[in-house]
1. Tally up the residues in the range 124-137 that are at pLDDT 95 or above and crowded, with 16+ Cβ neighbours inside 10 Å, please.
2. Given the condition exposed (fewer than 14 other Cβ atoms within 10 Å of the Cβ) and in a strand (DSSP E or B), answer yes or no: does some residue in the range 6-21 qualify?
3. Return yes or no: is residue 141 among the aromatic types (Phe, Trp, Tyr), touching a Phe, Trp or Tyr at 6+ places or on another chain (Cβ under 7 Å), assigned by TED's automatic domain parsing to the domain that holds residue 188 and open to solvent by less than 20 Å² (accessible area, probe 1.4 Å)?
4. Quickly run through the range 217-227 and pick out the residues that are part of a loop (DSSP other than H, G, I, E, B), within 16 Å of the ligand (Cβ to nearest atom) and either among the charged types (D, E, K, R) or touching a Lys or Arg at 6+ places or on another chain (Cβ under 6 Å) (or both).
5. Restricting to the range 90-118, name every residue that is polar (S, T, N, Q), open to solvent by 50 Å² or more (accessible area, probe 1.4 Å) and within 14 Å of the ligand (Cβ to nearest atom).
6. Could you tell me which residue of the range 13-34 is nearest to the ligand (Cβ to nearest atom), considering only residues that are of a type outside the set (Val, Ile, Thr) and over 17 Å from residue 90 (Cβ atoms)?
7. Residue 87 - would you say it is within 13 Å of the ligand (Cβ to nearest atom), of a type in the set (Val, Ile, Thr), touching a residue at least 24 places away in the same chain (Cβ under 8 Å) and not assigned by TED's automatic domain parsing to the domain that holds residue 195?
8. Among the candidates 208, 237, 241, 199, which residue alone is within 16 Å of the ligand (Cβ to nearest atom) and open to solvent by 70 Å² or more (accessible area, probe 1.4 Å)?
Amino acid sequence: MSKTQSTHGVLYIVATPIGNLEEITPRAVRILREVDLIACEDTRHTKKLVNHLDINTPLTSYYREKEQLKAELLLQQLQDGAQIALVSDAGTPCISDPGGVLVRHARAAGIQIVPISGPSALATALSVAGLEESGFYFGGFPPSKTKARRDFFKCQAPLPCPLIFYESPHRIQHCLLDALHVFGDRHALLFRELTKLHEECREGVLSELSNSCAGKNRGEFVLIIDGAMQQNTDKPEDIDELILWYRDQQTVSLKSAVQQIATDLGLPRTQIYQRALILWKKGNQNNL
Ligand code: SAM
């Protein structure tokens, strides 16, 4: 059966505000009003949005822990002809949010899938970051445990483009400290509460930003860290010169420099540490 003859319903993937409730497109509002069902992460959360928009469409929950089961149930309804909108708590579904399982099931079943574009914290932060590069790396949420988070960052350390991450208020400081440990004291931007009343952008090196997050934090964060090449265009390739370059031109500790050089050259840290200890001491008694 061709698409025009299909009796299947349509799955709409609808972006909703990341804070400011004015930031939803007229098309999104119309679709949310017209569909048979809205699948959302937390019905209490989305209830506030639909009440605000004066929409009476029924809601059903669709969240990460039950994604497989709920995707199968929704797929059955789509195959029976239902028009369904999928939303997340904030921003664009499927960007660090559930939705991917349903989209894949629907595509495999030949259901039409229509994106209703709109806000995303990623695009919002990028729009005011002032980056000159056309590319970037988006890492979503870093792992929550230190070892896994450092290993995750190590994979990104050589990338020459800006690195972008999402983070929650209770993990932001540990995340920044681990980023400092792996990347060295790179320049970064930290956005908080985008589109909301207490929206802010902090700019500085990672040590400054982690200090600024000491204690209790509120709000949601997007972190943009300079890529390797942005600050390292004059970086030498020889091991001794590289050690001296980190010592003299980058404000990093010996430990961070060793970590960074190990990543740069793909050599074991122990090998670099022995050499770095000798050279570092010669010219710099601080920052060991
Ligand atoms: N799907 C969403 C999107 O399109 O941006 C992201 C969902 S993810 C579960 C939530 C994370 O996005 C937060 O922890 C934070 O890192 C980021 N975020 C969402 N809203 C934000 C805001 N208003 N300001 C800053 N970051 C935000």
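The values are calculated or read from the model by the stated rules, or taken from the named source; none is laboratory data. Values in this document were obtained by computation on a predicted structure and should not be read as measured data. Don't worry about glycine lacking a Cβ; one is built from the backbone with ideal geometry, like all the others, and counts go over all protein chains shown. Areas reflect the complete protein model, heavy atoms only, side chains present, ligands, DNA and RNA absent. Shrake-Rupley method; radii C 1.70, N 1.55, O 1.52, S 1.80 Å.
1. 5
2. The answer is no; no qualifying residue exists.
3. For residue 141, the condition - among the aromatic types (Phe, Trp, Tyr), touching a Phe, Trp or Tyr at 6+ places or on another chain (Cβ under 7 Å), assigned by TED's automatic domain parsing to the domain that holds residue 188 and open to solvent by less than 20 Å² (accessible area, probe 1.4 Å) - is not met.
4. Of the residues in the range 217-227, the ones part of a loop (DSSP other than H, G, I, E, B) are 217-220, 226-227.
So of that shortlist, the ones also within 16 Å of the ligand (Cβ to nearest atom) come out as 217-220.
Passing the criteria: 218, 219, 220.
5. 117
6. 27
7. Against the criterion (within 13 Å of the ligand (Cβ to nearest atom), of a type in the set (Val, Ile, Thr), touching a residue at least 24 places away in the same chain (Cβ under 8 Å) and not assigned by TED's automatic domain parsing to the domain that holds residue 195), residue 87 qualifies.
8. On inspection, the qualifying residue turns out to be 199.
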